[in-house]
Amino acid sequence: MGFVAVIATLSIAVVSVMWRAEDPEIHSTLGFGLLFLLSELATIPLGRVFFSVSFVISIAAVISLGPTAAALAAWFGVAGRRMFQAPDWLIRALFNGAQFSLSIALAGLAYRSLGGPIGSIRASDFPGVIPVLFVAAAIHFLVNTALVTGAVALSQGESPRRIWLEHYSGIPPRTFAFAVVGLLFAALYLEMGVSAIAFIVVPLLIARRALQAAAEMDAAYEATLRSLVTAIEAKDAYTRGHAERVSRLSSMIAGQMGLAERRMRALRIAALMHDVGKLVVATPILTKPGKLTAEEYEHMKSHPVHGCEVIKEIDFLRDGEAVFAVRHHHERLDGRGYPDGLLGDEVPLTARIVMCADAFDSMTSTRTYRRALSVEQAMRELRRCSATQFDPLAIDALDRAIRKYGWEPTPELYEGEQTARPVASVHAGV
C-alpha cells in the first residue's frame with residue numbers, strides 16, 4: 001500500500017508540474033483517454049501480468065498532444081476488464097493509473113527534451129525522429145515494467161529480477177515495433193483528426209490478435225505437455241506432482257544463476273518433461289518398493305533416451321536446450337552417469353540444473369523406495385555429492401533460492417508398506 005501511495009503521489013506531482021507548463025486541451029485528452037480505456041479492456045494475460053496495445057496509444061498521445069495530455073489520458077485506462085472483480089480493485093486502479101501515467105510522463109519529457117516534434121509530423125522530421133522515438137519508448141517500457149515488477153515482487157515476496165526476466169525480457173523488440181505504429185497513428189491523427197481512428201483500429205486489432213494467438217499457442221503447448229506428464233504420473237502415484245515441483249525448483253535455481261528469459265522458459269518446460277521417457281518403462285519397475293535388479297536398472301536407465309525422442313517431436317523444443325536437459329539429467333560430473341557418460345562441463349548447464357532439482361525433490365518426497373528427507377538432510381546429501389555428481393554452482397543457487405522462498409517436503413506415507421526401503425535412490429541417482 002505504501003508503494004502504491006508513493007507512485008501515485010509522484011505521478012500526480014509530475015503531471016501537476018507539467019500541467020502548468022502546457023495547459024493541454026481537455027477534449028483531446030478525453031478522446032485519447034477513451035482510447036486508453038478501450039485498449040485496457042482488451043488486455044492479454046501473459047503469465048501473472050497483462051499486456052495490451054495501449055503502448056501504441058501512449059506514443060501517439062505524446063506526439064500528438066504532448067507529455068501532459070498523454071499522462072492525464074493514461075488515468076482513463078485504470079479500469080481493466082477484471083479490475084472490479086478483485087477485492088482490492090481500488091488499490092489496483094490507483095496503482096495502474098499512477099504507474100502508467102508516470103511512465104508516459106517521463107517518456108514524453110525525454111521525447112520533448114531530445115527535440116521530438118509535438119503537434120505536427122513533417123517529412124523533414126525523418127529519419128531524426130526515429131532514434132528519439134526509440135529512446136522515449138525505452139524509457140516508457142523500463143519505467144512501466146520496473147514499477148509493475150516491483151509491485152508484484154512486494155506482494156508475492158519474490159525476486160524483482162527474476163520476475164522481470166521471466167515476463168518482460170523478451171518484449172523490447174515488440175515495444176519498438178509498437179512505437180513505430182504509434183508514430184503512424186499520430187501522423188494520421190494530426191492530418192485527419194478523429195477520423196484517423198478508423199485507419200488505425202484495424203492494425204491495432206491485428207496486433208492484439210497476434211499477441212493473443214501467441215499467448216494461446218503457448219498455453220496450448222503447455223497443456224499438451226502437462227497431459228503427457230499426467231500420463232506418467234498415472235503409472236506411479238508416488239511421482240504425482242514431481243514434474244511440477246522439479247520445474248519450479250529448476251526455475252528457482254535458474255533465477256538465482258541469472259539465466260536469460262528464453263533459456264529459463266526452455267528449462268522450465270524441460271524440467272516438466274524430464275521423465276516423459278518413463279512412459280515406456282514397465283509399471284512394476286516404476287512402483288517396485290525394493291531395490292532394482294541390475295536388469296531392471298538397465299531398463300530404467302533407458303528413459304532419458306526415450307524422453308529425448310519425445311521432445312524432438314515438439315517443434316518449439318526440438319532445437320533448444322530442452323532436448324539436452326531431458327537426455328542428460330542423469331549424467332554425473334565425474335562421468336559415471338547415463339546415458340552417455342558425459343564428464344564435467346560436457347554436461348549441459350540446463351541438465352545440471354534439472355538433475356539437482358530432480359534429486360532434491362526426490363529426496364524430500366516419499367517414494368516407494370524410501371521416506372522423505374527433510375530439506376536440511378537433502379541439502380547435506382547434495383553437498384556430499386557436490387562436484388562428483390552435482391554442479392556446486394547449481395547447489396549453491398538452490399540453497400539461496402530455498403532460503404529466500406522456502407520449500408515444503410512432501411512426506412506422505414507409503415500406504416500398506418511391508419518392505420523396508422533402501423536408503424539409496426536408484427531413480428534419482430542419490
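The values are calculated or read from the model by the stated rules, or taken from the named source; none is laboratory data. Nothing here was measured: the structure is a model prediction, and the numbers come from that model. Cβ placement follows ideal geometry from the backbone for every residue including glycine, while neighbour counts extend to all protein chains displayed.
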Quiz prompt | Conditions (1) closer than 30 Å to Arg262 by Cα; (2) polar (S, T, N, Q); (3) out of contact with any Phe, Trp or Tyr (no Cβ under 9 Å at 6 or more places or on another chain); number of the one not met by Ser103 | solution = (3)
Quiz item: Within the stretch 281-309, restricting attention to residues that are over 37 Å from the mean Cα position of the chain (by Cα) and within 18 Å of Glu233 (Cα to Cα), which residue is modelled with the lowest pLDDT?
Solution: Pro289
Quiz item: What are the residues in the stretch 335-378 that are more than 17 Å from Met252 (Cβ to Cβ) and hydrophobic (A, V, I, L, M, F, W, C), if any?
Solution: Leu342, Leu343, Val347, Ala372, Leu373
Quiz item: What tally of residues in the stretch 104-132 results from selecting those that are more than 20 Å from Ser28 (Cβ to Cβ) and either assigned to a helix (DSSP H, G or I) or in contact with a strand residue (DSSP E or B) (Cβ under 8 Å, 6 or more places away or on another chain) (or both)?
Solution: 10
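Which of the residues that make up the stretch 145-155 are in contact (Cβ under 8 Å) with a residue 60 or more places away in the chain and more than 13 Å from the chain's Cα centre (by Cα)?
Within the stretch 145-155, Leu147, Val148, Gly150, Ala151, Leu154 meet the criteria.
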Practice problem: Pick out the one residue from Lys278, Lys288 that is within 16 Å of Tyr338 (Cα to Cα) and touching a residue at least 40 places away in the same chain (Cβ under 8 Å). | Solution: Lys278
Quiz item: Can you list the helices (runs of 4 or more DSSP H) found entirely within the stretch 325-430 that contain at least 3 residues being touching a Gly at 6+ places or on another chain (Cβ under 8 Å) and either modelled with pLDDT under 90 or loosely packed, with under 14 Cβ neighbours inside 10 Å (or both)?
Solution: none
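Please find, among Ser159, Ser120, Ser113, the residue that is more than 23 Å from the chain's Cα centre (by Cα), modelled with pLDDT under 90, hydroxyl-bearing (Ser, Thr, Tyr) and outside the structural domain of Leu249 (by TED's automatic domain parsing).
Ser120
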